[in-house]
1. What percent do you get for the relative contact order of region 119-216 when only Cα pairs under 8 Å and 6+ apart count?
2. Under a 5 Å amide H to amide H cut-off, with H placed in plane at 1.01 Å, what residues pair with ILE70 once short-range neighbours are removed?
3. On a C-alpha basis, how far is the centre of region 112-139 from the centre of region 53-84 in Å? Whole number, if you could?
4. Of the listed peptides 83-90, 229-236, what is their order by residue-averaged count of other C-beta atoms within 10 Å, with the highest listed first?
5. Determine which residues of region 238-254 fall in the zone a paramagnetic label at ASP319 would reach in this model, i.e. backbone nitrogen under 19 Å from the point 7 Å along Cα→Cβ.
6. Would you calculate, for the chain, the mean residue ellipticity at 222 nm contributed by helices, counting each DSSP H stretch of 4 or more residues as -39,500 (n - 2.57) and dividing by all residues, to the nearest 500?
7. Return, ordered by residue number, the residues of region 292-318 whose backbone nitrogen is under 15 Å from a label point located 7 Å along Cα→Cβ of LEU253.
8. Efficiency by 1/(1 + (r/R0)^6): what FRET value for LYS140 and GLU200, r their Cβ-Cβ distance, R0 = 25 Å, to the nearest 0.05?
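Only the coordinates and a few stated rules stand behind these numbers; no lab work does. Computed from a predicted model, the values in this text were never measured in an experiment. No Cβ is skipped: glycine too gets one built from the backbone with ideal geometry, and neighbour counts run over all protein chains shown.
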Amino acid sequence: GNSKNTRKVEEFKAKDNFKIDYINIDRIKRNEKNFYEIVDIESLAEDIKLNGLNHNLVVRKLDNDMYELISGERRYTALNKLINEGNKEFNLVPCKVIESNDIDSEIILIQANAQSRELTEVEKLTQVERLKELYKIKKKNGEKVPGKIRDIIANDLKLSPTQVGRYERINNKLIPELKAVIEQDKLTIAKASEFSSLSEENQRVILSIIDDKTNMSKQEAVDLKNKLKKIEEEKELELKKAYEEKELELKRLEEEKKNQVLKLKSENENLKKKLDNNIEEERKEIEGQIKIEFEEKLKNEKVILEEELKSKYDKKIEDITN
């Protein structure tokens, strides 16, 4: 079902007979939470100058006789431009004043922008990330959030839950350098989503390929991801197997050592009955020492194995990417 905030936006749209207040633009402050690009202000200002303002702004009242902008950042910027150029008739701005707390007004701001403008890939990612944070805060505050957060976000942004999942995966898993490539418009969301399932190491391989090859097709991206994923899985499997074998071998050696200690203990028991307590402490100490040695060996063996496999698989990756 619709989230409460979507209903709010729809109520604002539906109530066209709803009271409009004319507020001096100096009493309206920008919304610092607005992360959307403000573009094409010149042409919008020109249009407002010729035809007037077609849509009112949406604001909320703050404590200090000021208002905060919730919807209409471009119109607000264009109006300020006109006023600064001497068109004082635009000083009074038609506004719908709504009552809303910080969290809800930010959600409404995102919903309004998501539905009314062409978004950049970065804006799409940011709005999903921010809505997720906002709904989590609402839940933490004990407010009722009906249904799954992913479904609510999908409804807010008019996307499918699968698309929202794709954005979440990119936000959570993609390395910052590849996110920067999205910002430069060299990587689409669809491709970024494919690459976000790879390890950090292989995402860096992708990064070097993108630097060399700007126009990779979606199919090429999928193929490349699958090849790297296969290598990742092979490497993981081989490492796991080698590690298990090494662990078994070291456990066997540890068992042998323990048996030797116990044998020594029983041989010496008759001679050292009076020193029983000391022997017990000694046994614990020896066992502790053996355990430390075992863990140390295991760690070293793991490092050696990982290095051996890394060079082997780096060679495979090199063969693919060359």
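1. Details: 71 pairs, mean separation 24.1, N = 98.
Dividing the mean separation by the residue count of region 119-216 yields 25 percent.
2. Distant-sequence amide H within range of ILE70: VAL58, VAL59, ARG60.
3. Each part reduced to its Cα centre gives a spacing of 21 Å.
4. Values: 83-90: 11.8, 229-236: 15.2.
Ranked from most to least packed, the peptides come out as 229-236, 83-90.
5. 238-239
6. Details: 12 runs with 217 residues, N = 322.
Result for the chain, helices only: -23000 deg cm²/dmol.
7. Once the point is set 7 Å along Cα→Cβ of LEU253, 292-305 turn out to lie under 15 Å by backbone N, inside region 292-318.
8. Values: r = 30 Å, r/R0 = 1.20.
It comes to 0.25.
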